[in-house]
Every structure is written in C-alpha cells, then in structure tokens.
1. Restricting attention to segment 430-518, which GluC sites (Glu not before Pro) occupy a DSSP loop and are surrounded by at most 16 other Cβ atoms within 10 Å?
2. Percent relative contact order of segment 297-378, based on C-alpha pairs within less than 8 angstrom and at least six residues apart?
3. How large is ³J(HN,Hα) for each residue in segment 265-277, as worked out from phi by the Karplus curve 6.51 cos²θ - 1.76 cosθ + 1.60 (θ = phi - 60°), to whole Hz, x for Gly and Pro?
4. What pairs in K48/K171; K48/K252; K129/K377; K205/K449; K205/K252 have C-alpha atoms more than 18 Å from each other?
5. Give me a comma-separated list of calculated 3J(HN,Hα) values for segment 440-453, in order, Karplus coefficients 6.51, -1.76, 1.60 applied at θ = phi - 60°, integers in Hz, x for any Gly or Pro.
6. Listed highest first by mean packing, meaning other Cβ atoms within 10 Å per residue, what order do 40-47, 441-448 come in?
7. In whole Å, how far is the Cα centre of segment 49-76 from that of segment 385-460?
8. Find the accessible area per residue for segment 297-378; the probe is 1.4 Å, ligands and nucleic acids are left out, and the unit is Å².
Amino acid sequence: MTNNQKVLQFVEESAALATPDKIVWIDGSQEQIEALRAEAVSTGEMIKLNQELLPDCYLHRTAVNDVARVEARTVICLPKEEDAGPTNIWKSPEEGYEMCKNIARGKMKGRTMYVIPYSMGVVGSAFSKIGIEVTDSIYVVLNMVIMTRVGKECLDALGENGDFVKGFHAKCDIDEENRWIMHFPQDNAIWSVNSGYGGNVLLGKKCFALRIASYLGRQEGWMAEHMLILGVKRPNGEKQYVAAAFPSACGKTNLAMLIPPKHFRDAGYEVECVGDDIAWIRVGEDGRLWAVNPENGFFGVAPGTNQKSNPNALAATRQGTIFTNVVHNLDNNTVWWEGLDKNPPEHAVDWKGNPWNGKTSDVKGAHPNSRFTAPAKNCPCISPEFNSKTGVPLSAIIFGGRRASTTPLCYQSRDWNHGVFVGSIMSSETTAAATGAVGVLRHDPMAMKPFIGYHVGDYFRHWIDMGKKVTNPPKIFNVNWFRQYEKGEFLWPGFGDNMRVLKWILDRCEDKVDAKETAIGYVPYAKDIDLTGLDYSVETLESILEVDKAKWAKEAEEIEGYYKNTIKDRIPKELWDSLETLKKNCAE
Ligand code: OXD
Ligand code: MN
C-alpha cells in the first residue's frame with residue numbers, strides 16, 4: 001500500500017518483535033470493515049445488535065480489570081525526569097522501550113497484526129497529522145475507523161518520505177500488573193500493552209492527539225487541548241465559536257451538543273457541534289486563534305445519556321456505533337444503560353457478561369465508564385465546519401470543573417494571562433473515566449493533568465507565550481455547573497439551560513453586556529442571565545454567582561501550596577503575579 005520506507009520499517013520491526021502469524025493493512029474499504037465485523041462476531045469479540053433498530057451497531061465487553069484509563073501506568077519517556085514534570089509518571093526512553101518490548105515480544109503469535117494508517121484531522125489539511133497504529137485487536141481497528149480518518153489516502157498523504165506518529169498496541173494477556181501506556185515524545189512513538197480499553201488503546205486519541213500533540217504543539221507554536229468546540233448561531237445568522245475544557249466525564253459531550261431552551265430556539269439561536277473532546281488550536285493570519293477537532297467520532301460516556309440530557313448524542317448512537325460495557329437487552333437485542341430511561345430490561349446481560357434483571361438487581365448493569373463510539377456525521381447538530389481544513393475562529397475559551405462550592409457559576413478573567421492562571425488553578429472531583437477513587441477533589445490544570453506530554457510548568461509558559469502571538473485573543477471564562485446544596489443536590493439545572501450562561505459569555509465577547517468586578521474576575525449580574533421559561537429563583541442564581549472572599553482566600557492558600565509543593569518550579573512569573581493579586585483582592 002505504500003513505498004514510504006519509514007512506514008515499512010516500522011511495520012517490519014513491530015512484526016519482528018511481536019511475531020504475528022499474519023499482517024493485514026487496513027485500507028478503510030467497506031468490504032474490509034464488513035469482513036472484520038463478521039470475524040469479530042464469529043469469535044465473540046463483538047455482538048451484532050438488532051440491525052433494524054440499531055443498523056451496523058455492535059456491543060463489546062472489555063475484561064473486568066480493564067475499564068478505564070490507567071493514569072498510574074501512563075508514562076512520559078524523556079531523557080530527563082525533570083522534563084516530564086510532576087504531573088507525569090516518568091521513565092527514560094531506554095527503560096520504557098525495553099519494558100514494552102520485553103512484554104510484547106512474541107505476544108502476537110497466533111494472531112493477526114493490523115496496520116492502521118490514520119489521520120488526525122481532515123486528510124490534506126495543514127492542521128492534520130498522520131499516524132500508523134499496529135494492533136492485534138479488531139475492536140481497536142473498528143473503533144479507529146470511527147474515531148479517525150482511516151485508509152490508503154493517509155499513506156498517500158505521507159508520500160515516500162513523510163513522518164508519522166508510530167503507535168504499537170498489543171493486547172498481550174490483559175494483565176493489569178504489566179499494563180503500560182508509554183509515550184516517547186522525542187520519537188513520535190507510543191506503546192500500549194496489556195489493555196483493550198479505548199482510552200488506552202485507540203492511540204490516535206489521548207496518546208497522540210493530546211500527549212504527543214501537546215509536546216509537538218509547544219515545539220511548533222500551536223496547542224493541543226482537552227476541549228470541546230461548539231458554534232452558536234445568533235438569530236441574525238452570525239456565528240461565534242467557543243472551546244471549552246472540562247475534566248473527563250464532566251459533560252463535555254453534553255455541552256458540545258446542547259439544545260438551547262425553547263425561548264432561545266424560538267428567538268433563532270442554534271448550537272452546532274464541532275467536537276466534544278479535543279481541540280488543536282493555531283494562530284490564524286487574522287491574529288485570532290483557530291481550532292479544529294482532529295477526531296472523526298465521539299467516544300462518549302453512555303450512563304446518563306438520554307433523550308433529555310443529550311438527544312443529539314443519543315441520535316448519533318443509532319447507527320454504525322460500537323457500544324462498550326453497557327447492558328445487553330436480550331428481549332430485543334439492543335443496549336441499555338443507567339439513566340437511558342426508566343425501563344431497564346428484565347432479560348439482560350450486564351457489562352461483566354452475567355445475567356442481569358434491571359427490575360430486581362441492586363447492582364449497576366452498565367459500567368459507570370461504559371462508552372459509545374459513534375460517527376460524528378451521525379450527530380444531528382454537527383457543524384457545517386466539521387470538515388473545514390482551517391477550523392473555526394474562537395471568540396471564547398471556557399474552563400470548568402466539578403466543584404460543589406466556592407467557584408461561582410461563571411466568571412471572566414481580566415485578560416489572557418489571568419485566564420491562563422484561571423485554567424492553571426482548575427480543580428475537579430474525580431470521575432470513573434480513570435481508575436482510582438471517584439469524587440476526590442484534585443488539581444486538573446486546563447483539564448489536561450492526565451494529558452500534558454511534558455512539564456506542566458513549561459505547558460503554562462507555552463500558554464502565556466501563545467497569548468503574545470495573538471492580536472485578537474479569545475476571552476477566557478470559568479464555569480461551574482456543579483454547585484451543590486449541603487444536602488447534595490445540584491443548584492443549577494445544567495444541560496440545555498447552560499445556554500443561558502453561554503449567551504452571557506458570547507455577549508461579553510461582543511461587549512454587549514456589563515459585569516461585576518470581583519476579587520476573582522468579572523462575574524455576571526444575575527439580571528443579565530436570561531431565565532425566561534425556567535422555574536428558577538433569582539435568589540438561588542445570586543447565591544451561585546456569589547464570590548465569597550473568605551473561601552477564596554483559603555482557595556488561594558491551597559493554590560499556593562499546589563504551585564509550591566506539587567509543581568515546584570517552572571511556573572511563569574505571570575501566574576505568580578495573578579496569585580498575588582488574588583490574595584490581595586481577598587484580603588481587602
Ligand atoms: C475521554 C476521557 O475518554 O477524557 O474522553 O477519559
Ligand atoms: Mn476526554
């Protein structure tokens with residue numbers, strides 16, 4: 001399929017190590033995809049679902065010990081430990097390669113090695129980058145076909161000499177103790193062994209499009225961010241675009257596909273989804289930041305997705321989708337998950353493969369991190385700019401975490417550098433997207449803690465430097481949809497009603513609305529958040545817009561501790577200055 005010697009050598013070396021019985025090049029053709037689906041069904045790797053209700057949809061179950069990203073086993077291999085920084089696990093490249101190679105040696109014996117040429121971004125766009133993943137998993141091939149642009153045209157785009165990101169994946173024995181996801185940013189290389197879970201094995205996604213790409217972006221002067229991208233069409237037809245960073249499983253997919261409340265729809269507002277997880281951002285000739293979504297599908301969290309919370313995502317999953325670790329409804333050969341509807345199936349199989357009765361069982365049927373892999377083109381609100389080679393210009397960047405208290409519903413930074421500070425101090429309660437305890441507050445700067453491919457202090461510096469390159473930077477905001485009463489219930493309705501906050505943000509970008517200056521930045525006046533059609537009291541809104549200086553003084557102390565004791569060095573002076581301002585403002 002190619003004369004590119006580097007590609008041929010990579011495939012040859014991978015095969016020499018893993019010794020597969022057969023090598024199959026993925027050309028992206030429908031016949032090949034069909035044949036692989038049929039093979040996966042024949043071996044039990046996938047279950048073919050009801051083709052009338054869910055055409056071209058399949059169900060897969062991972063091993064029970066392999067259901068989420070493994071941050072403690074995700075490694076950045078650089079020559080010097082200090083260059084990986086305090087947010088990463090580090091190994092030297094020599095040690096990393098040796099470990100992975102020893103684990104993978106001979107592990108594809110009796111198996112087929114698939115070679116997947118893929119593009120992150122539209123093939124042929126200056127924004128895009130090509131990867132080659134070798135894998136012994138049909139599930140990986142079929143997911144990559146949905147999540148990226150796969151096929152011969154990627155090899156053609158590489159030509160005889162082009163460079164690419166090398167990804168080696170071997171399932172091995174799905175052994176937790178020998179599971180490693182290793183990145184070699186200096187070599188554009190990724191090794192993943194002993195896992196079959198998407199975030200660890202779809203190497204175009206977190207490994208390439210965030211960890212390797214963030215490293216490349218710093219060298220080449222662009223940014224790879226854990227951000228959704230959405231467009232809002234105003235009644236007069238004008239469009240504004242927003243990129244928003246939230247930690248995993250904090251509603252990025254829901255926000256990206258938001259349906260505005262009726263009052264906004266009637267007025268003519270529409271939301272279009274450009275992406276739900278990753279943004280590659282560059283400086284445009286016009287001095288603005290332009291963003292593309294390098295992916296081609298959605299790897300979304302299933303539980304909680306329903307006709308009310310996210311009808312667009314649900315619609316996207318009705319065709320050509322792979323479901324992972326959800327409930328198999330045996331009555332009609334479809335799927336179900338907690339929060340889909342109030343009618344769990346009685347005759348079903350749970351995510352572990354055990355018989356399950358949704359009416360009587362007291363255990364969850366779907367894993368909390370169960371997923372759908374759905375083609376982006378299925379999404380009813382996909383943006384006409386989705387396949388744009390230049391991307392979309394950003395009016396605003398939004399950061400958001402899951403915080404029960406302290407952080408108000410929304411605030412705006414004073415300027416770019418202060419916005420970088422706001423991103424750097426993000427913290428959020430952990431979710432099921434990664435292994436480990438759920439609900440623990442942790443620092444997650446720019447929602448990138450698990451995804452920065454180098455030292456976090458240098459990453460902050462890169463953000464500051466990017467601000468110097470843009471003459472017309474997006475405005476930077478922070479939102480918190482997750483404020484709670486002491487009893488635990490949420491104080492803001494969220495979902496489609498987030499449009500009310502989005503509208504304020506977009507109006508701020510056009511200087512159409514005033515704001516209150518506070519210790520932490522500009523906060524909306526309650527009167528400026530349009531509550532029309534919502535049964536919601538202005539007092540409650542005021543309470544979640546409040547900035548409590550005493551709480552923020554404590555927060556500032558905590559941030560100082562995080563900067564000093566965790567990140568320790570390489571923090572840009574501009575961020576220390578913002579912290580000093582915050583402390584001073586809270587003391588006044
Ligand atoms: C994801 C994640 O899958 O962030 O997007 O874990
Ligand atoms: Mn994510």
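The values are calculated or read from the model by the stated rules, or taken from the named source; none is laboratory data. All values derive from a computational prediction rather than experimental measurement. Note that each Cβ is placed from the backbone with ideal geometry, even for glycine, and that neighbours are counted across all protein chains shown. The protein model used for the area step is the full one, side chains on, heavy atoms only, and it has no ligands, DNA or RNA in it. Shrake-Rupley method; radii C 1.70, N 1.55, O 1.52, S 1.80 Å.
1. In loop regions of segment 430-518 (DSSP not H, G, I, E or B), the sparsely surrounded GluC sites (Glu not before Pro) are E486, E489, E510.
2. Details: 171 pairs, mean separation 35.3, N = 82.
So the answer I get is 43 percent.
3. Working through the residues one at a time gives 4, 4, 6, x, 7, 9, 10, 10, 9, 9, x, 10, 8 Hz.
4. K48/K171; K48/K252; K129/K377
5. 3J(HN,Hα) across segment 440-453, in whole Hz: 9, 6, 9, 5, 9, x, 6, 6, 10, 3, x, 10, 7, x.
6. Working: 40-47: 15.0, 441-448: 20.9.
Answer by packing, highest mean first, reads 441-448, 40-47.
7. Using only Cα atoms to place each centre, the spacing works out to 26 Å.
8. 41
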